[in-house]
């Protein structure tokens with residue numbers, strides 16, 4: 001009887017595969033589940049579960065066997081959630097979505113019936129262990145995310161492979177490169193924005209209508225068929241919910257938002273001291289110096305070359321006294337050096353912490369130290385051992401860790417990585433203990449490396465925030481590290497690419513990211529380097545870094561005129577630090593990225609008439625618009641979203657000339673006045689090397705501070721608030737001690753700010769202080785922009801002294817920082 005049933009099931013499965021191959025619909029049976037539904041057919045079983053009203057999990061079991069309920073990216077707590085659903089004959093609904101299964105296709109709509117996402121015909125294809133999932137691709141839809149993939153901002157019409165690759169000198173079209181984040185956002189469809197995350201660490205692939213018109217397909221050679229559908233309807237809501245799934249980036253130390261100086265490599269302590277001294281002598285604000293591999297003994301991690309760095313702790317202490325932190329590189333390969341007293345190798349061998357070959361022997365391969373072994377980070381015990389190795393560096397005063405080469409990169413092999421049959425031992429999280437090959441573990445290996453480092457730093461210094469940078473990672477890696485785009489090149493093309501990569505990383509959970517300012521390989525022209533400093537000043541991670549045997553790229557290298565421009569933009573970043581740090585704290589709570597595409601906050605900008613391939617916002621309130629053809633002097637248009645904008649540099653409404661300018665930018669559409677309900681506008685700009693167009697949304701209260709040479713310094717004078725009147729006028733003040741975990745126990749201050757445009761003028765409300773931290777500012781200096789004439793300023797019954805400036809159209813005043821809610825009225829005389 002059992003034999004007959006088994007034969008019958010085999011025949012049905014064979015028939016189902018045959019029908020699929022011929023494009024036929026296979027009949028399926030649907031049953032209700034407590035938080036969703038299950039669909040069964042002869043060759044598979046599909047379960048759709050509503051984790052929340054807006055997040056669906058879809059798991060598919062081959063031959064009816066469901067995949068293991070485990071994940072490197074999504075926590076058990078999140079996977080175990082269940083929303084309340086309402087069953088129906090063809091599916092179910094949540095409070096915001098309707099889910100149906102008919103004619104072999106899964107369809108998700110909003111409650112009005114607008115399609116969020118829908119399967120294409122032959123939606124699931126199984127071919128042995130391989131699988132393909134197919135979704136309909138509306139003509140109006142565009143696609144973003146996938147991490148720092150190349151190929152432009154929009155993924156539509158392109159194909160990608162997820163396979164972490166050491167891609168030195170990659171071009172703007174090369175794929176794959178360093179990271180694998182199998183998550184995309186569909187934008188512009190009938191149901192608004194949505195996201196799909198395929199939680200599979202194998203060599204997965206995504207095709208956005210490249211191979212087949214009108215079909216979005218993705219799949220893999222093996223592994224779980226386990227994916228999530230995330231409803232918006234806004235792009236921001238998709239990103240927030242994706243980071244609910246995969247985790248928020250922890251709040252960075254404030255010093256990590258400062259300017260950072262690096263090179264591969266500063267070859268001696270003397271050279272480091274000379275560069276640091278020049279930075280201070282030239283009055284270039286700087287917070288971090290990085291040490292690449294040449295500070296080590298024979299490139300061996302956790303060592304120091306005592307000939308060239310005879311007193312590393314002393315160097316770190318001296319730089320710290322001058323307001324600079326030191327971050328050291330620690331690659332994951334350990335020199336295979338038996339009987340040499342090399343502690344990481346000896347203790348790692350004793351603990352059996354190395355990745356194995358298929359025959360069970362320790363895998364040894366050449367990297368920077370020569371023959372090397374590789375920690376098996378899929379074991380919790382190995383991660384604990386690795387993290388403890390950082391104790392000596394922390395005792396020296398090292399502020400953070402840099403994990404490079406963790407794709408993992410291997411020398412002298414055409415694949416640039418380990419053999420695919422290398423063996424890892426999984427003993428971690430909620431996975432069942434087992435072995436797995438490099439085919440499965442490759443894309444998650446770099447993330448688990450950074451997890452080991454991050455957890456180690458947090459264990460060793462539990463009261464301090466950990467700072468880790470990585471090159472390779474997987475979805476959810478933002479929980480453990482910041483990142484950069486890898487070994488880029490000094491070209492205009494790569495400067496443009498860096499903006500697009502950082503934007504898509506932010507949409508993929510990695511809000512803290514940057515690119516090597518100047519380009520790692522090659523050497524930039526003076527103009528390229530200057531423009532890169534200008535744009536890099538608005539990266540979430542602002543690090544100048546370059547390779548050996550390339551021209552030097554420190555800020556002063558091209559003479560005083562270029563230095564003056566570069567210094568001015570570094571200083572501007574420091575002036576904006578209260579705003580940037582507030583965005584960092586917002587990211588830790590919500591997942592909203594710091595650097596964003598314009599359509600993130602202004603959906604209408606998705607189809608703007610201007611070339612926006614270089615345009616981005618910082619936190620939504622500041623729009624940065626570099627010339628889209630920076631090597632050309634040709635004028636270009638900047639599309640400003642509806643609502644009114646101000647020129648950041650002049651403080652005047654966008655398009656209005658400053659008092660000392662003879663010619664104003666051309667403002668088409670309607671003249672922007674900064675008042676309410678201003679339609680979108682187009683400002684024409686003429687490229688100038690000393691100028692980067694920046695605009696501030698009407699309705700912004702922007703906090704700033706005086707320039708400091710290091711964020712360890714207290715800014716002089718008051719906190720500055722620039723008020724740009726308009727609709728939905730708001731801002732936030734946030735501060736804490738900048739380095740410890742005390743903010744988690746109330747050691748912070750947050751105040752919400754609003755303003756209202758009235759017939760008489762402007763009313764500014766400063767909310768109550770949250771938290772118990774005392775901020776550095778004792779006074780607040782306010783500048784209201786777009787103001788004509790004189791003003792009477794009152795705080796309650798008290799009249800404040802004010803200063804009006806007809807040329808800049810501002811009114812300014814200063815008052816003592818309030819700890820309680822207060823209202824200030826600015827009325828025209």
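Just so it is clear, none of the values below were taken in a lab; they were calculated from the coordinates. No experiment lies behind these values; they were computed from the predicted model shown. Reconstructed Cβ throughout: ideal geometry from the backbone, glycine too, with neighbour counts over all protein chains shown.
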Point to revise | Potential extension, residue 120-residue 172 segment - 0.36 nm per residue separation minus Cα distance | key: 15.6 nm
Exercise for review: Would you kindly state how much longer the chain becomes between residue 273 and residue 434 on full extension, computed as 0.36 nm times their sequence separation minus their alpha carbon distance, in nm to one decimal?
Suggested key: 53.0 nm
Exercise for review: Take every Cα pair under 8 Å in the chain that's 6+ residues apart, average their separations, divide by the length, and report that relative contact order as a whole percent.
Suggested key: 9 percent
Review point. If you take the C-alpha gyration tensor of the range 25-246, multiply each eigenvalue by 5 and take the square root, what semi-axes do you get, largest first, in whole Å?
Key: 27, 19, 17
Review point. What number in nm² do you get for the range 405-465 if you take the convex hull of its Cα atoms and divide its surface by four?
Key: 5.3 nm²
Practice item. Please figure out what share of the DSSP beta bridges in the chain is antiparallel and state it in percent, rounded to the nearest 5. Key: 85 percent
**Study point:** the range 53-122 - Rg (one decimal) and Dmax (whole number), Cα, Å
**Key:** 13.6, 36
Practice item. Take every DSSP beta bridge whose two residues both sit in the range 325-435, then give the antiparallel share in percent to the nearest 5. Key: 70 percent
Review point. Once you sort the root eigenvalues of the Cα gyration tensor of the range 320-377 as a ≥ b ≥ c, which label holds: rounded (a/c under 1.5), prolate (a/b larger than b/c) or oblate (the other case)?
Key: prolate
Check your understanding: How much FRET efficiency would the formula 1/(1 + (r/R0)^6) give for residue 33 and residue 427, where r is the Cβ-Cβ distance and R0 is 30 Å, rounded to 0.05?
Key -> 0.45
Revision key, fill the gap. Eigenvalues of the alpha-carbon gyration tensor of the chain, times 5 and square-rooted, give semi-axes in Å, largest first, of 45, 36, 24
Study note, to complete from the structure: The Cα extents of the range 453-605 along the principal axes, largest first and rounded to whole Å, are 44, 43, 29
Review point. What does a probe at residue 88 reach in the range 171-202, counting residues whose amide N is under 17 Å from the point 7 Å along Cα→Cβ?
Key: 191
Review point. What order do you get for 739, 210 when you list them from fewest to most C-beta neighbours inside 10 Å?
Key: 210, 739
Check your understanding: What nm distance separates the two modelled labels at residue 53 and residue 686, each placed 7 Å from Cα along Cα→Cβ?
Key -> 5.4 nm
Practice item. Quickly work out the residue 381-to-residue 222 label distance, labels modelled 7 Å from Cα along the C-beta direction, and quote it in nm with one decimal. Key: 2.5 nm
Revision key, fill the gap. A chain fully extended from residue 552 to residue 527 at 0.36 nm per residue, minus the present Cα-Cα distance, gains in nm 7.6 nm
Check your understanding: Where in the range 258-276 does the amide nitrogen come within less than 16 Å of the point 7 Å from the Cα of residue 306, taken along Cα to Cβ?
Key -> 269
Point to revise | Taking N as its residue count, the alpha carbon Rg of the range 470-551 over 2.2 N^0.38 Å | key: 1.06
Review point. So, in Å, what gap is there between the alpha-carbon centers of the range 746-779 and the range 800-815?
Key: 19 Å
Exercise for review: Using only alpha carbons, build the gyration tensor for the range 567-621 and give me the equivalent ellipsoid semi-axes, biggest first, whole Å.
Suggested key: 23, 17, 7
Check your understanding: Per-residue ellipticity at 222 nm for the chain, helices alone: DSSP H runs ≥ 4 residues times -39500 (n - 2.57), over residue total, nearest 500 deg cm²/dmol?
Key -> -6000 deg cm²/dmol
Revision key, fill the gap. In nm², the average projected area of the convex hull spanned by the Cα atoms of the range 180-252 is 6.0 nm²
Check your understanding: Modelled label-to-label distance, residue 801 and residue 609, 7 Å Cα→beta-carbon offset: nm?
Key -> 4.9 nm
Review point. Extent of the range 700-828 along each principal axis, from alpha carbon coordinates, in Å, largest to smallest?
Key: 46, 30, 27
